[in-house]
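One structure is given here, and the rest of the page talks about it.
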Amino acid sequence: MRILLVEDQPELAAPTLAILRYGGYEAEWACSAEQATELAAEREPDLAILDVMLPEGEQAGFELARRFRRAGYLGSILFLTARDAVEDRVHGLDLGGDDYLVKPYSLEELLARVRALLRREAQTRQVEFQRGDLRVHFALRRALWQGTPIELSDKEFALLEVLSLYPERVFSAEELLDRLFPGTDSGTRIVRVYVHHLRRKIAPQVISTQPGGYCLGV
């Protein structure tokens with residue numbers, strides 16, 4: 001399990017990283033929201049631990065969580081903050097947070113909360129999707145069509161994954177752009193390009209064009 005810790009104070013980040021790694025997790029550290037965005041884009045974490053106050057602002061951790069969720073991040077989010085006001089907790093949870101830990105915190109309690117969040121995620125995360133001739137194994141990041149493995153790039157699989165996780169939903173090109181290509185300036189054309197790639201590599205009917213966007217076509 002991969003954990004991304006976003007904390008701007010090295011003296012707090014160091015012991016937190018140490019106990020996470022002691023617990024057997026692959027933990028990375030980002031000291032700003034900008035660095036966290038780059039690391040998450042390279043490889044999505046199973047759990048994001050976000051300090052609310054970061055160099056970008058007093059509520060930058062909340063804004064980072066909002067961006068993660070808008071980009072399609074499905075993992076767990078644990079907020080760390082010195083603020084213990086009820087409205088702050090409610091705000092964080094409403095943004096898509098799963099838990100909230102007030103500083104100063106016990107490292108043992110942090111590790112226990114991490115275990116609980118990852119255990120809950122493992123129990124609820126869909127492992128595999130199959131419909132008709134299409135089979136998608138999310139954990140292995142592998143797709144098969146009529147039993148034959150299909151070689152897909154990371155972005156191609158990410159597009160297929162989103163559509164397979166929500167097979168009845170129509171996604172607009174703008175929404176897919178925000179989820180899969182955050183920060184790009186190429187416009188929705190890149191979404192159409194990847195839709196074309198999947199249709200060519202798998203089958204023309206694998207993605208259906210609908211009024212308002214795209215959905216799984218099988």
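Only residues that are hydroxyl-bearing (S, T, Y) and either at positive phi or surrounded by fewer than 12 Cβ atoms within 10 Å (Cβ to Cβ) (or both): list them for the stretch 123-165, please.
Of the residues in the stretch 123-165, the ones hydroxyl-bearing (S, T, Y) are 124, 148, 153, 164.
Answer for the stretch 123-165, where residues must be hydroxyl-bearing (S, T, Y) and either at positive phi or surrounded by fewer than 12 Cβ atoms within 10 Å (Cβ to Cβ) (or both): T124, T148, S153.
List every residue pair whose Cβ atoms sit under 6 Å apart, with the two residues 6 or more apart in sequence or on different chains, where the first one lies in the stretch 163-179 and is closer than 8 Å to C215 by Cα and the second, anywhere, is of a type in the set (A, V, I, L, M) and surrounded by 14 or more Cβ atoms within 10 Å (Cβ to Cβ).
L163/L216; P167/L216
Which residue out of L177, L117, L140 is under 29 Å from L47 (Cα atoms), at pLDDT below 90 and in a loop (DSSP other than H, G, I, E, B)? Reasoning before the result, please.
Values: L177 fails: in a loop (DSSP other than H, G, I, E, B); L117 fails: in a loop (DSSP other than H, G, I, E, B).
None of the others qualify; the one that does is L140.
Filter the stretch 45-66 down to the residues that are of a type in the set (D, E, K, R) and surrounded by fewer than 18 Cβ atoms within 10 Å (Cβ to Cβ), then identify the one that is farthest from E174 (Cα to Cα). Show your work before the answer.
At the first step, the residues of the stretch 45-66 found to be of a type in the set (D, E, K, R) are 46, 51, 56, 58, 63, 66.
Filter again for surrounded by fewer than 18 Cβ atoms within 10 Å (Cβ to Cβ), leaving 56, 58, 63, 66.
Values: E56: 26, E58: 29, E63: 20, R66: 17 Å.
If we take residues in the stretch 45-66 being of a type in the set (D, E, K, R) and surrounded by fewer than 18 Cβ atoms within 10 Å (Cβ to Cβ), then E58 is farthest from E174 (Cα to Cα).
Which residues, taken from the stretch 2-53, are farther than 21 Å from A116 by Cα, without any contact (Cβ under 8 Å) to a residue 12 or more places away in the chain and among the small types (G, A, S)?
The one that is farther than 21 Å from A116 by Cα, without any contact (Cβ under 8 Å) to a residue 12 or more places away in the chain and among the small types (G, A, S): A14.
Checking A71 against (1) touching a residue at least 24 places away in the same chain (Cβ under 8 Å); (2) within 15 Å of L4 (Cα to Cα); (3) hydrophobic (A, V, I, L, M, F, W, C): exactly one of these is not met. Which one?
(2)
State which residue is modelled with the lowest pLDDT when the search covers only the stretch 58-113 and only residues that are in a loop (DSSP other than H, G, I, E, B) and small (G, A, S). Give the steps one after another, and end with the answer.
Taking the stretch 58-113 first, the residues in a loop (DSSP other than H, G, I, E, B) are 58-59, 71-75, 82-85, 95-98, 103-106.
If we keep only those that are small (G, A, S) as well, we get 71-72, 75, 82, 85, 96-97, 106.
On the way: A71: 83, G72: 78, G75: 85, A82: 84, A85: 74, G96: 78, G97: 84, S106: 91.
Going through the qualifying residues, I end up with A85.
Going by the structure shown, is E28 surrounded by 14 or more Cβ atoms within 10 Å (Cβ to Cβ), among the acidic types (D, E) and part of a helix (DSSP H, G or I)? Working first, answer last.
On the way: surrounded by 14 or more Cβ atoms within 10 Å (Cβ to Cβ): yes; among the acidic types (D, E): yes; part of a helix (DSSP H, G or I): no.
Judged against the criteria, E28 is not a match.
The values are calculated or read from the model by the stated rules, or taken from the named source; none is laboratory data. Just so it is clear, the model here is predicted, and its values are computed rather than measured. FYI the Cβ positions are ideal-geometry reconstructions off the backbone, even for glycines, and counts take in every protein chain you see.
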